[in-house]
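Heads up: the structure comes next, in structure tokens.
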Amino acid sequence: MDALDQFKEKWKNQSDSFVHLDKAQLTNILKRKSTNLVKWIFVFGLIEFALWAFLSWAFHDKSGGGISESKVFVNFFNGLEILSYAILIYFLFRFYSNYKRISLVEDTKQLMAKIMKTRKTVKLYVAINIILLIAGTIATLIMMMNFDAELMATVNDIQIKQQDKYFFARLVLVTFAILTLFTLGLLLIYWLTYGTLLRRLKANYKLLEDSEV
């Protein structure tokens, strides 16, 4: 018997010892795994909510209530903060709802549909957060330039003292550079947390799809 025949014989003997799962058993295993992954999506959402709440509290506590004393800006900033919390709470509810529903499904196709819905929900959540971060920062800068006379007077005073007519332009560029780095950092965190869970859910979906075929 040559080496190839020996390999085939060994493979045959090993394959006979493998545990063969039927479709129902495979679905139940993937259901448990998927339910656990969706639970962790909800847990990460809670952690993120607690973190933003703490940072907001610390920011207001140290700054005496806000960046600017302008009433218009303060109202705008408070509105932006309320909107951010509303979005977080809404998606926390969606995450929890997805977790409860996926734990109750029995049919393979229903499980596949719930996995797909969960992945879409998380992707939408990440996209809205990034858009809100960028749009909110830009809107905040515009509001400060238009309604915070004290801040603009300080900037103009520095510009005059340093005799640098490009000081304000550089200040804006530095601000946008910091925003870009912060956005990339947030995307990296999302990729390591939600992204990892979504990739595992996608793998489960693929296995369920193959079992249907």
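Read-outs: derived from the displayed coordinates by stated rules, not from any lab. The structure displayed is predicted, hence computed values, not measured ones. No Cβ is skipped: glycine too gets one built from the backbone with ideal geometry, and neighbour counts run over all protein chains shown.
Taking packing as the residue-averaged number of other Cβ atoms within 10 angstrom, the listed peptides 135-142, 37-44, 97-104 run from highest to lowest as 37-44, 97-104, 135-142.
Please give the Cα centre distance for the stretch 144-213 versus the stretch 110-130, rounded to the nearest Å. Here the two parts' Cα centres lie 22 Å apart. Sorting Thr196, Thr35 by the number of Cβ atoms found within 10 Å of their own Cβ, with the fewest placed first, yields Thr196, Thr35.
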